[in-house]
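One structure below.
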Amino acid sequence: MFNGVFTALATPFLSDGKIDFPALARLLDAQLAAGVNGIVLLGTTAETPTLSAEEKKQILDFCVPRLTGKCKIIIGTGTNCTSTAVANTRTALAYKPDAVLVVTPYYNKPNPSGLIAHYKAIAAVGLPIILYHIPGRTGLKLPAPVLAELLREVPQIVGIKESDYDPAHVMNTAVNYAGKLDYLCGNDDLFPQYLSINAAGIISAAANVFAPAFVQIHRLFKEGKTNESFALFAQLYPIIKACYAETNPTCIKYMLAKLGFGTATVRLPLGPISDEHQTHIDGLFKTVDPAWVLH
């Protein structure tokens, strides 16, 4: 169901920090023109921890009608409070998304029984769930037996966005589940590796800027042109890495501003991009074929 490239959409801000809706509209149109398979709304890249409930509603009201019928829609609803995550998911239900993206609870470090109960409560709302596993941010790593139990107990989990950098965990999950649910790369810098282990696609922050390239990398691989796919990825690898020189989406917002999609403004506690990284990114942009950049 979730094959291809899914952009974890950034939220363009005006210089005063308010949402820039005209820039958001241009960003949506450009993503669709690039041929992405879906959009993730209200994910981490959207800076959701700093968005008010009213702003989140405004974003959904603005984006969902523009995307419906044109690509798949995934809405981020996960938090480290089960009742809040359930409420978020009930709110999302009204927008009829194809799935909700639910991160494993951060900071709390729930035990297996609590984790399973958390996802069961969210699943009861009635929407398909993509489990978001990112232990580097949450502090919670899912051991293989716990993941197996979770997937048995919560069949509404139809996909996993995997952002672990542990190759043994990634391979074990791919071997056991890639043919049974949609295994999605959550690390832009490892996209070819995930494709080689039967991942369905990617949920990408860097696709905010490089959607045309990510779509082409995926298409070439699926056509069996693996050398060409990797060659394109390798060409862009330095600037893909530069997307994460600072905490996401700081660098991506700077790149989007260079392309005319809003300003580089991020909300506190994220600070503005450093001069050093601006200079580094400016240099890398000169080496990138414009065909692979959002326009």
Members of region 269-293 found to be in a loop (DSSP other than H, G, I, E, B), β-branched (Val, Ile, Thr) and within 24 Å of the chain's Cα centre (by Cα), listed by number | 273, 288, 293
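Residue 135 - would you say it is farther than 27 Å from residue 92 by Cβ and not aliphatic (A, V, I, L, M)? Steps first, answer last, please.
Details: farther than 27 Å from residue 92 by Cβ: no; not aliphatic (A, V, I, L, M): yes.
Against the criterion (farther than 27 Å from residue 92 by Cβ and not aliphatic (A, V, I, L, M)), residue 135 does not qualify.
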Does residue 275 satisfy being among the charged types (D, E, K, R) and open to solvent by less than 60 Å² (accessible area, probe 1.4 Å)?
-> no
Being aliphatic (A, V, I, L, M) and farther than 20 Å from residue 81 by Cβ is the filter; apply it to region 114-150 and report the residue that is surrounded by the most Cβ atoms within 10 Å (Cβ to Cβ).
-> 147
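When you check residue 264 against the structure, is it surrounded by 15 or more Cβ atoms within 10 Å (Cβ to Cβ), small (Gly, Ala, Ser) and under 22 Å from residue 4 (Cβ atoms), yes or no?
Criteria not met by residue 264.
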For residue 229, the lone unmet condition from (1) of a type outside the set (Asp, Glu); (2) touching a His at 6+ places or on another chain (Cβ under 9 Å); (3) open to solvent by 20 Å² or more (accessible area, probe 1.4 Å) is (3)
Condition check for residue 253: open to solvent by 40 Å² or more (accessible area, probe 1.4 Å) and basic (Lys, Arg) = no
Find the strands (runs of 3 or more DSSP E) located wholly in region 1-94 whose residues include 1 or more that are open to solvent by 50 Å² or more (accessible area, probe 1.4 Å) and not polar (S, T, N, Q), and list them.
-> 72-76
Determine whether residue 224 is in a loop (DSSP other than H, G, I, E, B), modelled with pLDDT under 95, open to solvent by 50 Å² or more (accessible area, probe 1.4 Å) and not charged (D, E, K, R).
-> no
Go through region 206-221 residue by residue and tally those that are surrounded by fewer than 20 Cβ atoms within 10 Å (Cβ to Cβ) and outside any helix (DSSP H, G or I).
-> 0
Of residues in region 164-203 being open to solvent by 10 Å² or more (accessible area, probe 1.4 Å) and in contact with a His (Cβ under 8 Å, 6 or more places away or on another chain), the one farthest from residue 219 (Cα to Cα) | 164
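The values are calculated or read from the model by the stated rules, or taken from the named source; none is laboratory data. In this text the structure is predicted, and so the values were computed from the model without any measurement. Positions of Cβ are backbone-derived with ideal geometry, glycine not excepted, and every protein chain shown enters the neighbour counts. What goes into the accessible areas is simple: the full protein's heavy atoms, side chains included, and nothing from ligands, DNA or RNA. Shrake-Rupley method; radii C 1.70, N 1.55, O 1.52, S 1.80 Å.
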